[in-house]
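Engineer: Following this message is one structure expressed as structure tokens.
Each value in this text was obtained by applying a stated rule to the coordinates, not by laboratory testing. Computed from a prediction, not measured in an experiment: that's the story for all the values here. With ideal geometry, Cβ positions are generated from the backbone for all residues, glycine too; neighbour counts draw on all protein chains shown.
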């Protein structure tokens, strides 16, 4: 499978966050408090996504607003945004960083929020978890319909005493690394200018974010 197809599937799988879950099953039980708490955190995210984002009565603006709340509650969105910019973060001014983080969040909201209206009932099975450095790695699998099961690993941190998702790895493809590669490519093609990326993000999000 090509990198582009894997990246596409990774994006689709994040949308599957909305299709989590008619039920959740545990394949094994662990005693580790850190990883066990991370698993419960992922289940809570799924429950909140179902209850707040999948109603057919929500308008596009309402769904984006609800999605933004979940995004900031469950994801280390600023940390992800900073990492996605890579070495170029150090080359940005304070004002550029502030604008970039706002645009990055808007990009995620505009890309995924309204796909939650395409809810279909599927099942997430928690397959196990482990810790690696500051991360809890929660392994899961989404099953449903005739499609091949999708393997998802959630990389969860615990900054400031609260769980936060830092990355989602779908079928071996890291979404954060994929985003970082895309941003770096845009900047490199334009002489290393951060301003070009900011302009592209403005253009993309201004069309789709509901005011």
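Engineer: If you rank 155, 177, 188 by fewest surrounding Cβ atoms within 10 Å, what's the result?
Structural biologist: With the sparsest Cβ surroundings first, the list reads 188, 177, 155.
Engineer: Quote to one decimal, in nm, the extra length available between residue 102 and residue 33 on full extension: 0.36 nm per residue of separation minus the C-alpha distance between them.
Structural biologist: Length difference between fully extended and current span is 21.5 nm.
Engineer: Give the calculated FRET efficiency between residue 202 and residue 40 to the nearest 0.05, with a Förster radius of 41 Å applied to their Cβ-Cβ distance.
Structural biologist: My answer for the efficiency is 0.60.
Engineer: As an exercise, use a Förster radius of 25 Å and the Cβ-Cβ distance of residue 47 and residue 162 to find the FRET efficiency, rounded to the nearest 0.05.
Structural biologist: Calculated transfer efficiency: 0.90.
Engineer: Give me the Kirkwood hydrodynamic radius of segment 58-164 in Å, from all C-alpha pairs, to one decimal place?
Structural biologist: Here the Kirkwood hydrodynamic radius works out to 16.2 Å.
Engineer: Be a star and scan segment 172-211 for residues whose amide nitrogen sits under 12 Å from the point 7 Å along the Cα-to-Cβ vector of residue 93.
Structural biologist: 195
Engineer: Using the count of nearby Cβ atoms within 10 Å as a rough guide to exposure, how do 205, 59 rank from fewest to most?
Structural biologist: Fewest-to-most Cβ neighbours within 10 Å comes out as 59, 205.
Engineer: Take residue 193 and residue 57, extend 7 Å from each Cα along the Cα→Cβ direction, and tell me the distance between the two endpoints in nm.
Structural biologist: Calculated label separation equals 4.9 nm.
Engineer: Using Cβ counts within 10 Å as a stand-in for footprinting exposure, how do 180, 151 rank, fewest first?
Structural biologist: 151, 180
Engineer: Could you give the length gained by full extension between residue 177 and residue 118, i.e. 0.36 nm per residue of separation minus their alpha carbon distance, to one decimal place?
Structural biologist: 18.6 nm
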